[in-house]
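Read the structure below first, then the notes.
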Amino acid sequence: MPSVVEELRKREAKVLSTSYVRPYPFVPRRGEGAWLEDVEGRRYLDFMGGIAVNTTGYAHPRVLAAAREQMERFVHVCFSDFTHEPLVSLAERLVAKLGGGYRVYFGNSGTEAIEAAIKLVRYHTRRPYLLAFTGAFHGRTLGSLSLTASNARYRAGFAPLLPGVVHVPFPSPSHPPFGVAPERAGEAVLAHLEHLFSTKLPPEEVAAFFVEPIQGEGGYLLPAPGFFAELKKLLERHGILLVADEIQTGAGRTGTFLAMEQEGVRPDLVTLAKGLASGFPLSALLFLEELSSWPPGAHGTTFGGNPVAGAAAHATLDLLEEGLMANARRVGALLLEELTARLAGRPSVREVRGRGLMLAVEFADPGLRDRAVRGAFEAGLLTLPAGPNALRIAPPLVLSEDEARQGAGILEEVVAALG
Ligand SMILES: Cc1ncc(COP(=O)(O)O)c(C=O)c1O
């Protein structure tokens, strides 16, 4: 007799779009904290957090209570037309978290926040060009897809995309561009930009540079130390706006509310989504007060700024402030140490890296990585791939030290079995 999992997979194969990816056959039934149970009663430690979304873990009573309370009042009115308390106070809170001086536009998904950012930087500057990094992931709708360059498969068959997008290499010390030494990755990319500006890309025609502070889908790649502060100075000289896409890195994941705080950079625009409302769909674009040039109706959405998602975001921010962000720092550091001690030096492992609870194990090749993701699943640990060779770790920020050690122990056994 086929299992419940096999049965469901057979049914979905008949009715669902073939674009859905299934890295392994996991079918959830319920979750609590950092744990998920599947439909056949197996328990899994969750090191993927619904792709870095489930900030407060599963079934957090404070998040559920906030959402339930708001649902009893009203679920939807359309924030594009009518204001309401949960979202105005959420905007006030987000602006305060970024040190003041910003305005907020709400959407539902990451890609919507990026689309809004593309429209705003073009509208405000009236400049046609956009810069982004090779390896970047900013979403899959046609505007954001034009910035995305982490995997040619995401773009194949969809051209023509938005014209005027120029990609430059990401200054990763793990994969230094232009064949330079790791410690020269940052200056090499800055020199490349200066060269571009003087030879073929007039900087006064560039509206903005979209950046991920740590590349996510591209492979959990850290930037060269100090790079973003230097980049900001260079962009300022040319009136080019810096858009920090913190959709994956933001909402406390790396141990500070924004990853850019650790770079000492105040971006002109910031996008947030994923972890902002603990799994309820909500995204936010924050932009500096002086960029506020849209007249009413210039941009809008029916569902964006849902009050139930807003209530969940308030509860998420409360919990981040009360200790989850500190937990991401503390348990993230412990997990990085554990993984490094247990995995670094193994022939199949190239590097262990990350910040806060945004960590990765990079393997020597994609085949080894895929076997590790699959092996972890079979041993009761949920992870996901990122980039060509990395296994990413983005657990709920409620992860305890014991759970971190437990997960690291599973990965140690899985990697040992790879030889
Ligand atoms: C950095 C970054 N930007 C944008 C997106 C797109 O977000 P969404 O899938 O919610 O549209 C993602 C999703 O993985 C992301 O990681």
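We did not get these values from a lab; they are worked out from the coordinates using the rules stated. Quantities reported herein were computed from a predicted structural model and do not represent experimental measurements. Backbone-built Cβ (ideal geometry, glycine too); neighbour counts: all protein chains shown.
Here are the numbers for the structure shown:
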read-out	value
Ordering of 66-75, 390-399, 140-149 by burial proxy (mean other Cβ atoms within 10 Å per residue, highest first)	390-399, 140-149, 66-75
Distance between modelled label sites at ALA416 and GLU32, nm, 7 Å Cα→Cβ extension	3.1 nm
Residues with amide H under 5 Å from that of LEU384, placed H, sequence gap 5 or more	ARG392
Inter-probe distance in nm under a simple model that places probes 7 Å from Cα toward Cβ, at GLU40 and SER292	5.6 nm
Estimated FRET transfer efficiency when R0 is 41 angstrom, pair ALA152-GLU92 (beta carbons, to 0.05)	0.45
Other-chain or far-sequence residues with amide H under 5 Å of VAL168's (modelled H)	ALA132, PHE133, THR134
Reachable lysines, given that their alpha-carbon falls under 22 Å from the alpha-carbon of LYS10 and they are not under 8 places away in the same chain	none
Dimensionless Rg over Rh [the range 298-412; C-alpha; Kirkwood]	1.09
Phi to ³J(HN,Hα) by Karplus 6.51 cos²θ - 1.76 cosθ + 1.60 over the range 71-88, Hz, x for Gly, Pro	4, 5, 7, 6, 8, 7, 9, 4, 5, 5, 9, 10, 6, 8, 4, x, 7, 5
Positive-end extreme of charge dipole, the range 120-257 - chosen from THR256, VAL206, PHE158 (charges on Cβ)	PHE158
Beta bridges per DSSP with both ends in the chain, % antiparallel, nearest 5	65 percent
Nearby aspartates and glutamates by direct alpha-carbon distance to LYS232 (threshold 14 angstrom, same-chain neighbours under 8 apart not counted)	GLU187, GLU194, GLU212, GLU261, GLU263, ASP268
Relative contact order, percent, the chain [alpha-carbon distance under 8 Å, six or more residues apart]	22 percent
Stokes-Einstein D for the range 167-296, Kirkwood Rh over Cα pairs, 25 °C, 0.890 mPa s (µm²/s)	157 µm²/s
Dipole in debye (nearest 20) - the chain, about Cα centre, beta carbon charges: Lys, Arg +1; Asp, Glu -1	820 debye
Size-normalised alpha-carbon gyration radius of the range 201-268, reference 2.2 N^0.38 Å	1.12
Relative pair counts by distance (%), Cα atoms of the chain, 20 Å bins	26, 59, 15, 0
Among GLU85, GLU212, GLU403, residue whose mean-square fluctuation peaks in a GNM of the chain (springs only between Cα atoms under 10 Å)	GLU85
Coil-residue trypsin sites (Lys or Arg not before Pro) of the range 1-57, DSSP, other Cβ within 10 Å capped at 15	ARG42
Percentage relative contact order, the range 76-305, counting C-alpha pairs under 8 Å, at least six apart	27 percent
Residue-count net charge about PRO281 - beta-carbon cut-off 12 Å; Lys, Arg +1, Asp, Glu -1	0
11 Å beta-carbon shell around LEU397, net charge (K/R +1, D/E -1)	+3
Nearby aspartates and glutamates by direct alpha-carbon distance to LYS14 (threshold 16 angstrom, same-chain neighbours under 8 apart not counted)	GLU6
Long-range amide H partners of PHE137 with built H, under 5 Å	ALA149, GLY216, GLU217, GLY218
The chain: most fluctuating residue of LYS200, LYS232, LYS274 per GNM, C-alpha cutoff 10 Å	LYS200
Mean residue ellipticity (222 nm) of the chain, computed from DSSP H runs ≥ 4 via -39,500 (n - 2.57), nearest 500	-11500 deg cm²/dmol
Pairwise centroid distance, computed over Cα atoms, of the range 75-90 with the range 35-60, Å	30 Å
Local electrostatic count, PRO23, Cβ distance below 10 Å [Lys/Arg +1, Asp/Glu -1]	+1
